[in-house]
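Notes for the one structure printed next.
The values are calculated or read from the model by the stated rules, or taken from the named source; none is laboratory data. Please read these numbers as outputs of a predicted model, since none were measured by experiment. Using ideal geometry, Cβ is built from the backbone for each residue, glycine included, and neighbour counts are taken over all protein chains shown. Side chains included, ligands, DNA and RNA excluded: accessible areas come from the protein's heavy atoms. Shrake-Rupley method; radii C 1.70, N 1.55, O 1.52, S 1.80 Å.
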Amino acid sequence: METTNNAKVTVKATVQAPVEKVWEYWTEPVHITKWNQASDDWHTTHAENDLRAGGKFSSRMEAKDGSFGFDFGGTYDEVKLNESISYTLGDGRKVNITFKGQGNETEIIETFDAETMNPIEMQQQGWQAILDNFKKYAEQTNM
């Protein structure tokens, strides 16, 4: 399947936790390394996060068997505490994340520019799997 640079993909999840907890778990490197993988045979070995406009973030994802790994990173364009994060990836693609908190529930909506090497459905499944993993982590971990 051919993809184009202007294709946008959206993934969503509703987390049973207040927005303040969701924000902390989403943005703190100590938490990022615990949830940031699409499947159990991958893990994030390192994460850094300078959460401010102009700040940079990076993480290292690796297959647990050591067969493959890659760096994921970018620069924050805008950060609104407990509300939204926008950033630009190293390859120039844009990502926008919205956090909509209501009581003990937070909806996360993540929209990103598709890349051209993989089918859009595959990209959506991968990002959704990571988001689902975040939801599971946030709901099962006590502050």
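Below is a table of values for the structure above.
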quantity: Residues whose placed amide H lies under 5 Å from that of residue 13, excluding near-sequence neighbours; calculated: 108
quantity: Correct option for semi-axes √(5λ) of the Cα gyration tensor in Å [calculated from the coordinates] among [x] 22, 18, 16; [y] 34, 17, 17; [z] 24, 18, 12; calculated: [x]
quantity: Probe 1.4 Å, protein heavy atoms only - accessible area per residue of the chain in square angstrom; calculated: 56
quantity: Charged-residue dipole, Cβ positions (Lys, Arg, Asp, Glu), the chain about Cα centre, Debye nearest 20; calculated: 220
quantity: Hits among lysines - C-alpha to C-alpha of residue 56 under 25 Å, sequence gap 8 or more where chains match; calculated: 8, 12, 21, 34, 80, 94, 100, 135
quantity: Percent carbon-and-sulfur accessible area, the range 1-105, ignoring ligands, DNA and RNA, probe 1.4 Å; calculated: 47
quantity: Radius 14 Å from Cβ of residue 130, net charge of other residues (Lys, Arg +1; Asp, Glu -1); calculated: 0
quantity: Residue 55 long-range amide H proximity, modeled H, under 5 Å; calculated: 76
